[in-house]
1. Tell me which of these Ala153 doesn't satisfy, since it passes every other one: (1) within 27 Å of Met223 (Cβ to Cβ); (2) surrounded by 15 or more Cβ atoms within 10 Å (Cβ to Cβ).
2. Among the residues of segment 203-229, write down those that are under 27 Å from Phe99 (Cβ atoms) and in contact with an Asp or Glu (Cβ under 8 Å, 6 or more places away or on another chain).
3. Could you pull out the residue among Thr48, Thr8 that is closer than 22 Å to Pro107 by Cβ and within 12 Å of the ligand (Cβ to nearest atom)?
4. Filter segment 72-90 for residues that are more than 19 Å from Ala299 (Cβ to Cβ) and touching a strand residue (DSSP E or B) at 6+ places or on another chain (Cβ under 6 Å); which is nearest to the ligand (Cβ to nearest atom)?
5. So Leu220 fits all but one of (1) assigned to a loop (DSSP other than H, G, I, E, B); (2) touching a residue at least 24 places away in the same chain (Cβ under 8 Å); (3) touching a helix residue (DSSP H, G or I) at 6+ places or on another chain (Cβ under 7 Å); what number is the exception?
6. (1) within 26 Å of the chain's Cα centre (by Cα); (2) crowded, with 19+ Cβ neighbours inside 10 Å: which one isn't true of Arg2, the others all being true?
7. May I ask you to list pairs of residues, at least six apart or on different chains, whose Cβ atoms are under 6 Å apart, with the first in segment 108-136 being more than 15 Å from Val83 (Cβ to Cβ) and the second being acidic (Asp, Glu) and crowded, with 17+ Cβ neighbours inside 10 Å?
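A short reminder: the numbers here are calculations on the coordinates, not readings from a lab. The structure displayed is predicted, hence computed values, not measured ones. Note: ideal-geometry Cβ built from the backbone for every residue, glycine included; neighbour counts use all protein chains shown.
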Amino acid sequence: MRIHVTYTGGTIGMVKSPHGLIPGADMRGWLYRLLEETHMHGEDVSFTELDPLIDSSNATPESWQMMVDDLRAHRDDADAFVVLHGTDTMSYSTAALSFALSDFDKPVVLTGAQHPLGVIESDATANVTGALNAVMDPHAHGVGLFFGHHLFAGNRVTKSSSWAFEGFSAPMTGPLARTGTPWHWYPLNDEGEGWNNPQPYRRHDVPVIDMAPGITAARLEAMTHPLPEAVILRAFGVGNVPNVEPGLIDVIADVLQHDVPVIIASQCQQAEVLLGHYETGDAIARAGAIGSGDMTLEATYTKTVFLLSQGLRGKEFTDWMTRSIAGEISLEP
Ligand code: ASP
């Protein structure tokens with residue numbers, strides 16, 4: 001089987017510097033030595049190192065596009081693809097890639113590590129060999145994220161620990177597979193409608209704003225002006241926003257009236273946004289806010305940027321936000 005590995009940066013390949021960890025390890029050499037000692041010895045493995053290698057906290061939509069471009073450039077030379085990535089924003093990248101590669105038709109698995117590969121207790125070897133096993137398995141499908149002992153759908157996963165070797169979880173769907181002898185594979189989530197001929201990711205002005213008890217209309221007004229291209233509001237529970245705070249709902253309604261979509265997400269990791277379930281969510285629903293359903297924040301944000309990058313606005317944008325492109329949202333039965 002032919003495998004292509006794209007190395008983007010992250011702790012996995014970092015070394016110490018006077019100001020903290022920075023990319024610098026010989027990832028290519030380490031990877032080929034690792035493969036030589038396994039049953040993958042002799043497999044056809046190609047390797048790209050993106051330039052510059054980054055701490056994934058520095059990733060932008062342009063970084064997502066660099067990954068998409070590298071994967072597409074090697075589309076015909078490999079059967080399966082592994083991307084080595086920092087953990088901080090890996091779940092944003094996996095969600096972003098799932099939308100941009102819904103027509104790719106070959107499995108892609110991202111992984112990284114909590115500890116650099118040169119550290120004795122590092123999880124780098126386990127995660128990279130796990131990602132390789134996952135992507136070479138006949139069950140492998142779409143864009144996934146392997147970490148710890150689990151494979152997750154790339155647009156259903158979130159970083160849930162900054163230190164644990166099981167650093168990721170998929171709160172709404174659970175994993176696609178877990179390691180073991182043999183691995184255990186779970187049924188696939190919905191695959192979505194797909195997207196033909198996706199336009200490249202571009203950076204868009206989309207603030208993610210958290211509600212907190214005591215937020216005032218003046219503060220929300222300041223956070224939403226000048227008007228951005230869309231707003232993601234992380235509300236409470238099933239999508240509730242304080243409705244007795246003077247002027248607060250009016251700020252949201254005003255943003256919507258200027259044709260700026262407002263997407264209501266939840267601060268709960270395990271959530272299904274149901275606007276209108278309570279009076280506190282009803283007013284914003286009537287004003288035209290869009291509920292994010294059971295999407296992760298990462299899927300909600302990257303989908304917003306994806307749809308804006310496709311040139312969608314107004315009703316078309318709203319419509320696609322609640323449709324499934326790549327299995328990122330559960331649809332009403
Ligand atoms: N800051 C690092 C990154 O995301 C963290 C890691 O890889 O674990 O690139």
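1. Failing condition for Ala153: (1).
2. Result: Arg203, His204, Asp205, Val206, Pro228, Glu229.
3. Numbers: Thr48 fails: within 12 Å of the ligand (Cβ to nearest atom).
Being closer than 22 Å to Pro107 by Cβ and within 12 Å of the ligand (Cβ to nearest atom) holds for just one of Thr48, Thr8, which is Thr8.
4. Restricting attention to segment 72-90, the residues satisfying the condition of being more than 19 Å from Ala299 (Cβ to Cβ) are 72-82, 84.
Right, trim to touching a strand residue (DSSP E or B) at 6+ places or on another chain (Cβ under 6 Å) and you get 74, 78-82, 84.
On the way: His74: 23, Ala78: 24, Asp79: 27, Ala80: 22, Phe81: 19, Val82: 15, Leu84: 10 Å.
That would be Leu84.
5. (1)
6. (2)
7. What qualifies is Gln114/Asp123; His115/Asp123.
Residues are listed down the side, and each one gets a yes or a no for (1) surrounded by 23 or more Cβ atoms within 10 Å (Cβ to Cβ); (2) more than 16 Å from the ligand (Cβ to nearest atom); (3) farther than 19 Å from Ile325 by Cβ:
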| residue | (1), (2), (3) |
| --- | --- |
| Gly112 | yes, no, yes |
| Pro116 | no, no, yes |
| Thr125 | no, no, yes |
| Val128 | yes, no, yes |
| Asn133 | no, yes, yes |
